[in-house]
Amino acid sequence: MGLFNFLKKKEPRLIEFEELSDWADEYLQSKNISNEINIIKREIKAKIIKLEELLEKLRKASPKNPGLFPERELSIMEGNRDSYIKKIRRYIDKLKLPEDQYEIQSALERLAEEIQLLADDSQKNFFILKEFIEDEARNVASKLSEFDKLLASAIETLDKTDLSKILRLKSLIKEYYTIKTDIHHLQKESEEIERIKLEIYERIAKIQDKVDAIKKSPHYSQLEELKNRKKQLEEEFSKDTSRVRSMILDVNAAIKKYAKSKKDKLMKEYLNDSIKAFIEDEELKLVDHFKKIRDNIGELELKDSKKEKTEKILSAVTKDDLKKLRKKIISAKEELESIVVRIKNHTSNLNLKEQQGWIDNLNESVALEDAKIQKIEEQLERLNPRLTKQKIKELLKNLDMDVELK
């Protein structure tokens, strides 16, 4: 009966997310990567000892024929040798690999980059030393080259292990927790903003209650009557002033030509601002000027159709009609100005403006809080813990088919 048991699918080992980091440590330990790391450390240590010996030989070395070199050149050699040895010793001090195996690969990559920088930085020193003590200088340079190759080989060796995958897994775990923490903080921040908004809305409601109370008061009724009267006067004023503008506009061409030919100041004023000129024309000299324009219309060179229409309009204008119209406009203007001042200084109006000012300020505060929430929502959209978790699942499967994340 158990003959085909091997064909049954093996149930995967389920791991809680909180267990992942410990599982990674155990997995890495099971792969004996520490053996590879210890080999690398021993090789580096051995080469450091040899490099120290070569540096000491370089320090003590003298040119084979010192008498061939002037004192100044020998001094330059000494300076470059000291600088060369100091630069290499500084690098040797960095060749201590960390105990944490998770930090080994990044440390090796950093050392590989720095040895290239050392080669560039010490190139001038080396070429100068080569002219005086070539063998010793070459031996040191050759040993540094061996370090370069050793580091490249060590990085390649670790790349073939699961260390880089485990490092990636650890990084994704950290990323996941960071995202979850960021989401939590952003949600808390959003809740606090909503609480602040609620307080603002409550303050707006209280102010609105005051506004409603003001509008129900008898004093406010007086303000409404003033506003209604203001609206009525504005309509009348607009209607009456439109009559004046239309009258001037209808004979505009004739007035322009007459004002230009006669250099008539009053007519220019009417062309510039007909209402202002009409109000200031106490004696209504406009009527006399209209008569003069009509009497001299033949000299204005108007088209026949325009001439006929202009004569008809000018003839229809009477001083009595204009006098009544001007009186009505002035009366409406003066009353309007008075009402505007009364509305402006009215207690209810002042109170309403003050309350509305508070409401406007509070609404601006709400808008600022809304902008903060919008920014938070944009940040939350960019945070995707599910995507990170999926990457972890795929990497875990790649490491061990028998393990599965819950």
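What the table shows:
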| quantity | calculated |
| --- | --- |
| Residues that are hydroxyl-bearing (Ser, Thr, Tyr) and under 25 Å from LEU144 (Cα atoms), drawn from segment 76-110 | SER83, TYR84, TYR91, SER106 |
| Qualifying positions in segment 74-91 - closer than 19 Å to GLN123 by Cβ and either among the polar types (S, T, N, Q) or over 59 Å from the mean Cα position of the chain (by Cα) (or both) | ASN80, SER83 |
| Selected residue (criterion: nearest to LEU172 (Cα to Cα)) from residues of segment 11-36 that are assigned to a loop (DSSP other than H, G, I, E, B) and without any contact (Cβ under 8 Å) to a residue 12 or more places away in the chain | ASN32 |
| Residue in segment 47-60 that is of a type in the set (D, E, K, R), out of contact with any strand residue (DSSP E or B) (no Cβ under 8 Å at 6 or more places or on another chain) and either closer than 26 Å to LYS170 by Cβ or surrounded by 15 or more Cβ atoms within 10 Å (Cβ to Cβ) (or both) present | yes |
| Single residue of segment 166-193 satisfying the filter (of a type in the set (Val, Ile, Thr) and under 18 Å from GLN29 (Cβ atoms)) that is surrounded by the most Cβ atoms within 10 Å (Cβ to Cβ) | ILE166 |
| Exclusive hit being of a type in the set (Val, Ile, Thr) and in contact with an Asp or Glu (Cβ under 9 Å, 6 or more places away or on another chain), set ILE104, ILE133, ILE92, ILE88 | ILE92 |
| Residue satisfying condition, being within 30 Å of ARG243 (Cβ to Cβ) and either of a type in the set (S, T, N, Q) or under 49 Å from the mean Cα position of the chain (by Cα) (or both), within set VAL366, VAL287, VAL340, VAL317 | VAL340 |
| Near pairs, Cβ below 6 angstrom, 6+ apart or cross-chain, from segment 140-165 (under 13 Å from ILE44 (Cβ atoms) and surrounded by fewer than 19 Cβ atoms within 10 Å (Cβ to Cβ)) to any residue that is at pLDDT 90 or above and among the β-branched types (Val, Ile, Thr) | ASP148/ILE115 |
| Among residues of segment 216-248, those that are touching a helix residue (DSSP H, G or I) at 6+ places or on another chain (Cβ under 8 Å) and more than 18 Å from GLU337 (Cβ to Cβ), counted | 9 |
| Tally, over segment 291-313, of residues that are modelled with pLDDT of 75 or more, among the basic types (Lys, Arg) and more than 10 Å from ALA254 (Cα to Cα) | 4 |
| Any hit, segment 300-314, residues being under 29 Å from LYS333 (Cα atoms) and of a type in the set (A, V, I, L, M) | yes |
| Boolean, LEU198 is within 30 Å of GLU378 (Cα to Cα), out of contact with any Ser or Thr (no Cβ under 9 Å at 6 or more places or on another chain), surrounded by 12 or more Cβ atoms within 10 Å (Cβ to Cβ) and at pLDDT 90 or above | no |
| Near pairs, Cβ below 6 angstrom, 6+ apart or cross-chain, from segment 241-252 (within 17 Å of LEU302 (Cα to Cα)) to any residue that is assigned to a helix (DSSP H, G or I) | ILE248/TYR270; ILE248/SER274; ASP250/ILE313; VAL251/THR310; VAL251/ILE313 |
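Residue by residue, here is whether (1) in contact with a Lys or Arg (Cβ under 7 Å, 6 or more places away or on another chain); (2) closer than 20 Å to GLU114 by Cα; (3) assigned by TED's automatic domain parsing to the domain that holds LYS130; (4) assigned to a helix (DSSP H, G or I) holds:
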position: ASN38; (1), (2), (3), (4): no, no, yes, yes
position: LEU51; (1), (2), (3), (4): yes, yes, yes, yes
position: PRO63; (1), (2), (3), (4): no, no, yes, no
position: ARG72; (1), (2), (3), (4): no, no, yes, yes
position: SER75; (1), (2), (3), (4): no, no, yes, yes
position: ILE85; (1), (2), (3), (4): yes, yes, yes, yes
position: ARG89; (1), (2), (3), (4): no, yes, yes, yes
position: LEU95; (1), (2), (3), (4): no, yes, yes, no
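The values are calculated or read from the model by the stated rules, or taken from the named source; none is laboratory data. Bear in mind the structure is a predicted one, so any value in this text is a computation, not a measurement. Please note: Cβ atoms are built from the backbone with ideal geometry, for glycine as well, and neighbour counts cover all protein chains shown.
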